[in-house]
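Read through the structure below, which is laid out as structure tokens, and then see the notes.
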Amino acid sequence: MVKVPAEINETPEIFKEVQHVRQRWIWTIVVVISILTWYIFAQQIIFSTPVGKNPVSNRMIIIVWLIFGVGLPAFVISARLETRVRSDGIYLRFIPWQRTFRKIALDDLHVAQVRNYRPLLEFGGWGIRKNRQGRAYTISGTFGVQLLFNYEAPLLIGSQRPDELSRAIQSQCDHLQSEKSPAKDT
């Protein structure tokens, strides 16, 4: 994978997908933690009522509030996986960790196939993952496109529209192959 500028406009997009965190259980945890943190912040900082028998310092309350009451929800809201297919490759970016796209050249791609996967069992969760079987870019769901390369480890790209993604990748691979093969005279 090669890093490329964040905005890529040289070649037309064949496919674009932007996915966000959609798991209810993650949102439930974030909301509960955030509400609890905001409650403690309001009680001790705004209303000057110490929380608990042995309250922590106001400075610590503010730090915890900033991290879990503001930062955690902002992080989950901003997290997204951007997938783009262009004639010159597949582009992936997992925000907020990656500011630039990662380009996957289609030259060594052998197969792109839709598959069901188990994120927790196969990769230990969602995100940018790597294990002995390969790499994965996932943010939600259990479907994706498995890319098998001639000389690299496999890569799974999670998608809410895996059939469209697979068709877009395959069409660009077919187009690349037709450009490489010599023209036949008839």
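A short reminder: the numbers here are calculations on the coordinates, not readings from a lab. All values reported here derive from a predicted model rather than from experimental measurement. Reconstructed Cβ throughout: ideal geometry from the backbone, glycine too, with neighbour counts over all protein chains shown.
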Report task. Compute the acute angle (0 to 90°) between the alpha-carbon long axis of helix 24-41 and the principal axis of greatest extent of the alpha-carbon atoms of the chain; round to the nearest 10°. Result -> 30 degrees
**Report entry** Loop-resident sites, region 5-80, for GluC sites (Glu not before Pro), counting at most 13 other Cβ within 10 Å (DSSP)
**Finding:** E7, E10
Query raised in the report: With N residues in the chain, what two-decimal value do you get for its Cα radius of gyration over 2.2 N^0.38 Å?
Result: 1.38
Requested in this report: State to the nearest 20 debye the size of the charge dipole of region 114-186 about its Cα centre, where the only charges are +1 on K and R beta carbons and -1 on D and E beta carbons.
Outcome: 360 debye
**Report entry** Sites I33 and Q133 - FRET efficiency at Förster radius 41 Å, r taken between beta-carbons, to 0.05
**Finding:** 0.80
Query - Segment T100-S87, length gained on full extension (0.36 nm per residue, minus Cα span) - result: 2.8 nm
Query - Per residue Cα convex hull volume in Å³ - calculated over region 107-186 - result: 87 Å³
Query raised in the report: Picking from V70, S48, I26, whose Cα lies most toward the positive end of the charge dipole for the chain (charges on Cβ: Lys, Arg +1; Asp, Glu -1)?
Result: S48
Requested in this report: Beta carbons within 10 angstrom, averaged per residue: use that to sort the peptides 166-176, 93-103, highest first.
Outcome: 166-176, 93-103
Requested in this report: Name the long-range amide H neighbours of Y117: under 5 Å, sequence gap of 5 or more, or other chain; modelled H, no Pro or chain starts.
Outcome: F143, G144
Requested in this report: Determine the calculated [θ] at 222 nm for the chain from helices alone, applying -39500 (n - 2.57) to every DSSP H run no shorter than 4 residues and normalising by the residue count; nearest 500 deg cm²/dmol.
Outcome: -9000 deg cm²/dmol
Query - Dipole moment magnitude, nearest 20 debye, the chain about Cα centre, only Lys, Arg, Asp, Glu C-beta charged - result: 820 debye
Report summary line: Simple SL model, points at 7 angstrom along Cα→Cβ for S48 and D107; separation in nm is 7.0 nm
Query raised in the report: Relative contact order (percent) for the chain, with alpha-carbon contacts under 8 angstrom and 6 or more residues of separation?
Result: 22 percent
Query raised in the report: Which chymotrypsin sites (Phe, Trp or Tyr not before Pro) from region 132-181 combine a DSSP loop assignment with at most 13 other Cβ atoms within 10 Å?
Result: Y151
Requested in this report: Could you work out how far helix 162-180 tilts from the main Cα principal axis of the chain, as a 0 to 90 degree angle to the nearest 10?
Outcome: 40 degrees
Query raised in the report: Which length gain, in nm to one decimal place, applies between R22 and I77 when the Cα-Cα distance is subtracted from 0.36 nm times their residue separation?
Result: 18.8 nm
Query raised in the report: In region 30-114, how does Rg compare with the Kirkwood Rh, expressed as the Rg/Rh ratio over alpha carbon atoms?
Result: 1.33
Query - Debye log10 I(q)/I(0) at q = 0.22, 0.27 Å⁻¹ for region 24-78, Cα point scatterers - result: -0.78, -1.01
Requested in this report: Assuming R0 = 25 Å, can you tell me the calculated FRET efficiency for the pair R118 and S171, based on Cβ-Cβ distance, to the nearest 0.05?
Outcome: 0.30
